[in-house]
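A short worksheet on the structure shown next.
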Amino acid sequence: ALIHGDLDEMLALVVGRPSPLEHDTEVRAAREAFDRGDYEEAARRMPLRHRLEKRALSLRARGGSPEAWLESVGRGRRRIWVSAWQSFLFNRVLDARIADGTWNQVLPGDVAWIASEGCLVAARPGLASAGGRVSPTGPLPGFGLRRPEGAPGDLERTLLAAEGDEPEAWKRPFVRSRGLRRPLVVPVREASIERDGPGEVLVRFVLPPGSFATVLLDHLMA
């Protein structure tokens with residue numbers, strides 16, 4: 001909603017629309033009051049510990065706009081929301097490449113990452129993945145993103161379009177992201193597994209920035 005400029009919808013998702021998983025009765029009551037249009041009641045019922053939502057509701061009760069609230073939350077938090085959506089889209093592409101067995105294969109048309117060159121290059125004949133030193137890339141979308149060609153490009157465009165990605169949307173206020181590409185394959189360095197007492201295993205490893213230990217452990221434990 002933020003990326004497509006529907007700020008009323010975004011605010012409703014943040015402070016209204018109670019989820020079936022929302023078990024806090026005061027939070028649920030506040031969200032329901034917002035959905036009814038009773039902003040003062042919503043602001044009163046929202047617990048103080050939910051500062052982000054409380055601020056939004058208090059501002060709305062005073063007649064403030066979603067734009068004013070987004071301005072108040074700061075660029076850092078807005079950047080987290082945008083990055084989360086970009087990561088979701090990246091994962092959709094990665095999931096598809098894992099499913100078809102090409103996550104670690106540089107295909108014709110791929111935009112490839114080569115560790116020794118530290119850059120992105122169009123896939124050239126004979127380019128092959130090797131232990132994370134060469135990798136196909138996936139998108140963190142934006143208005144300036146370099147797109148692959150051929151079959152990888154068709155797959156990426158289809159998946160991103162299905163999720164509502166529009167390159168021009170990334171130019172909107174509160175969003176503004178050129179986008180970039182990241183390798184689908186990352187190296188796992190200094191890895192070791194050893195027993196650490198009865199029924200315990202100690203796993204050590206080093207990952208590049210932006211990679212998650214929890215994901216690697218999920219794969220290790222199947």
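The values are calculated or read from the model by the stated rules, or taken from the named source; none is laboratory data. From a predicted model like this one, the values you see are computed outputs, not experimental measurements. Here the Cβ positions follow ideal geometry from the backbone for every residue, glycine too, while neighbour counts run over all protein chains shown. Note: areas computed on protein heavy atoms with side chains; ligands, DNA, RNA excluded. Shrake-Rupley method; radii C 1.70, N 1.55, O 1.52, S 1.80 Å.
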**Request:** Out of the residues in segment 84-102 that are among the polar types (S, T, N, Q) and out of contact with any Leu (no Cβ under 8 Å at 6 or more places or on another chain), state the one that is nearest to V15 (Cα to Cα).
**Result:** N91
**Message:** Tally up the residues in segment 156-169 that are open to solvent by less than 30 Å² (accessible area, probe 1.4 Å) and among the acidic types (D, E), please.
**Reply:** 2
**Prompt:** Which condition number in (1) exposed (fewer than 14 other Cβ atoms within 10 Å of the Cβ); (2) part of a helix (DSSP H, G or I); (3) hydrophobic (A, V, I, L, M, F, W, C) is the one that L21 fails?
**Reply:** (2)
**Criterion violated by D110 - all others in (1) touching a helix residue (DSSP H, G or I) at 6+ places or on another chain (Cβ under 8 Å); (2) within 22 Å of G5 (Cα to Cα); (3) of a type in the set (D, E) satisfied** = (2)
**Subset tally (residues that are of a type in the set (S, T, N, Q) and open to solvent by 70 Å² or more (accessible area, probe 1.4 Å)) for segment 170-222** = 1
**Prompt:** In segment 24-44, which residue that is of a type outside the set (V, I, T), in a helix (DSSP H, G or I) and open to solvent by 60 Å² or more (accessible area, probe 1.4 Å) is farthest from G164 (Cα to Cα)?
**Reply:** R44
**Asked** So is G5 surrounded by 13 or more Cβ atoms within 10 Å (Cβ to Cβ) and without any contact (Cβ under 8 Å) to a residue 60 or more places away in the chain or not?
**Response** no
**Prompt:** Within segment 45-69, can you find the residues that are crowded, with 16+ Cβ neighbours inside 10 Å and hydrophobic (A, V, I, L, M, F, W, C)?
**Reply:** M46, A56, L57, L59, A61, W69
